[in-house]
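A short worksheet on the structure shown next.
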Amino acid sequence: MEGIKMQYSQRIQRIPYYLFAEIDRVIEEKKSGGMDIINLGIGDPDLPTPKNIIDKFCLAAYDPENHKYPSYTGMLSFRESVAKWYRKRFGVSLDVENEVLTLIGSKEGIAHIPLAFINPNDIVLVPDPAYPVYKIGTILADGNPIEMPLLEENEFKPDFSKIDKKIAENAKILFLSYPNNPTTAVVEKGFFKEVVDFANDNEIIVCHDAPYSEMTFDGYKAPSFLEVNGAKEIGVEFHSLSKTYNMTGWRIGFVVGNPEIISGLGRVKENVDSGVFQAIQYAGIEALTGPQDSVEKNRRILRERRDILVDGLNDLGWDVKKPKATFYLWFRIPKTYKSSIKFSRDLLDRTGVVMTPGVGFGRYGEGFVRCALTQKKERLEEALERMRGLRL
Ligand SMILES: *Cc1c(COP(=O)(O)O)cnc(C)c1O
């Protein structure tokens with residue numbers, strides 16, 4: 001039987017080629033060929049969700065009250081625990097009714113928010129290199145993503161003075177994320193002040209994505225965008241329980257800040273999803289308000305892994321700095337290489353070690369690789385051992 005001729009929408013066709021799917025395919029091929037792969041490409045914690053959180057979830061899952069459709073905005077008690085956490089952690093007050101919205105993971109909210117504010121061809125400023133969803137969410141809303149390069153010489157912060165005046169004036173949304181994936185860059189509050197000024201001058205909505213705010217080291221404490229005066233007038237902050245509490249599979253996050261922006265996103269969401277399973281929201285309450293020792297333990301484990309890998313790579317003649325946050329390393333590929341894809345491929349072929357080519361995060365990521373600390377230290381040591389004597 002002959003079916004109809006399938007034609008994907010133009011917006012689907014505008015989604016950039018997904019390099020990471022191709023990398024996964026090569027990894028699978030190598031694995032089935034018997035190669036022992038050490039995958040440092042995975043941005044997903046290998047450590048389990050803390051037991052107190054799982055226990056809370058199990059209890060809640062047995063309660064028939066929780067088997068119904070949840071409320072669109074999230075349970076009031078979950079939103080209250082978010083507000084409480086924000087006050088304690090950042091000294092920021094939030095109106096639980098209007099300034100907090102529960103998300104099915106922060107990716108969901110980030111992908112949907114352009115639908116609430118972007119008309120065809122409206123400009124959205126996106127960092128490059130970056131988490132791909134800022135750009136793709138824009139494309140799915142028929143918007144026009146314009147890259148702001150994150151350059152090493154600017155400590156991987158956008159240079160607002162370099163943004164064309166016309167583009168800035170016409171931009172509707174600005175995405176940012178610190179502590180940053182993939183560059184591991186961190187900022188101080190002063191930078192967020194600059195962001196607020198730039199956004200006010202040009203009437204732009206700021207969407208700050210902060211899933212790594214708790215994954216920090218060496219005494220660095222990440223500020224919230226909302227700590228800065230005026231931020232709540234023009235912006236929102238996305239947060240996730242995924243990285244802080246090793247809960248990527250649970251799908252729960254939240255967005256806080258300007259009530260009109262939150263309400264716009266809520267309008268989209270109430271028409272496409274039906275909220276987060278309440279038992280998961282109870283688990284989320286336990287995560288945010290229960291004992292926080294697991295967060296400190298995570299930091300300790302990640303810091304140890306970071307030190308092993310950074311020190312080891314530097315001993316092998318690389319030039320890698322210790323990041324103050326995130327569970328990634330971001331560093332330049334050897335000078336003998338022009339292409340991060342070629343470098344990653346050669347490394348994989350010769351050692352079975354996977355690092356993510358920087359260009360997969362955008363063209364300004366070319367020349368770099370990202371290495372995730374999501375493997376046990378023994379595996380990191382093994383990766384270093386395999387790279388010893390390697391001439392690339
Ligand atoms: C992991 C990650 C997210 C998504 O987290 P979820 O809440 O699991 O959807 C968002 N932004 C960045 C930069 C991330 O690395």
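When only alpha carbons of region 1-106 are considered, Rg and Dmax amount to 22.0, 64 Å. Dipole magnitude for region 51-289: about 600 debye, using +1 per Lys or Arg Cβ and -1 per Asp or Glu Cβ, origin at the Cα centre.
Which GluC sites (Glu not before Pro) from region 55-102 combine a DSSP loop assignment with at most 12 other Cβ atoms within 10 Å?
Passing both the DSSP loop test and the Cβ count: Glu97.
Shown is the FRET efficiency for Lys189 and Lys297, computed with R0 = 25 Å from the Cβ-Cβ distance and rounded to the nearest 0.05: 0.35. Charge tally around Gly230: other residues with Cβ under 9 Å, Lys/Arg +1 each, Asp/Glu -1 each, net 0.
Helix content alone sets the calculated 222 nm mean residue ellipticity of the chain: runs of n ≥ 4 DSSP H residues at -39500 (n - 2.57) each, divided across all residues, give -12500 deg cm²/dmol. Restricting to DSSP loop positions (anything but H, G, I, E, B) with no more than 14 other Cβ atoms inside 10 Å of their own Cβ, which chymotrypsin sites (Phe, Trp or Tyr not before Pro) remain in region 1-40? Within region 1-40, the qualifying chymotrypsin sites (Phe, Trp or Tyr not before Pro) (loop, at most 14 other Cβ atoms within 10 Å) are Tyr8, Tyr17, Tyr18. In plain terms, if you count all Cα to Cα distances in region 51-289 and split them into 10 Å steps from zero, the share in each step is 8, 33, 37, 18, 4, 0 percent. Residues considered: Glu153, Glu296, Glu28. Largest GNM mean-square fluctuation over the chain, using C-alpha springs under 10 Å, is found at Glu153.
When Trp330, Trp85, Trp318 are sorted by how many other C-beta atoms sit within 10 angstrom of their C-beta, beginning with the fewest, the order is Trp318, Trp85, Trp330.
Only Cα pairs under 8 Å and at least 6 apart count here; give the relative contact order of the chain as a rounded whole percent.
Relative contact order, the chain: 23 percent.
Rounded to the nearest 5, the antiparallel percentage of DSSP beta bridges internal to the chain is 45%. Here's the picture: charge each Lys and Arg Cβ at +1 and each Asp and Glu Cβ at -1 in region 51-289, and of Leu125, Val186, Ala83 the one pushed furthest to the positive end of that dipole is Ala83. For Val255, the shell of other residues with beta-carbons less than 15 Å away shows a net charge of -3, using +1 for Lys and Arg and -1 for Asp and Glu. With q set to 0.29 Å⁻¹, the log10 of I(q)/I(0) for region 326-392, from the Debye formula over equal scatterers at the Cα positions, is -1.38. Taking other residues whose beta carbon is less than 14 angstrom from the beta carbon of Glu97, and scoring Lys, Arg as +1 and Asp, Glu as -1, yields -3. Subtracting the Cα-Cα distance of Arg350 and Arg391 from their residue separation scaled by 0.36 nm leaves 13.7 nm. Derived value for region 153-231: Kirkwood hydrodynamic radius 13.3 Å. Basis is the mean of 1/r over every pair of different alpha-carbon atoms. Residue order for Met35, Met215, fewest other beta carbons within 10 angstrom first, comes to Met35, Met215.
Every number in this text was worked out from the coordinates using simple rules, so none of it is lab data. All values derive from a computational prediction rather than experimental measurement. Reconstructed Cβ throughout: ideal geometry from the backbone, glycine too, with neighbour counts over all protein chains shown.
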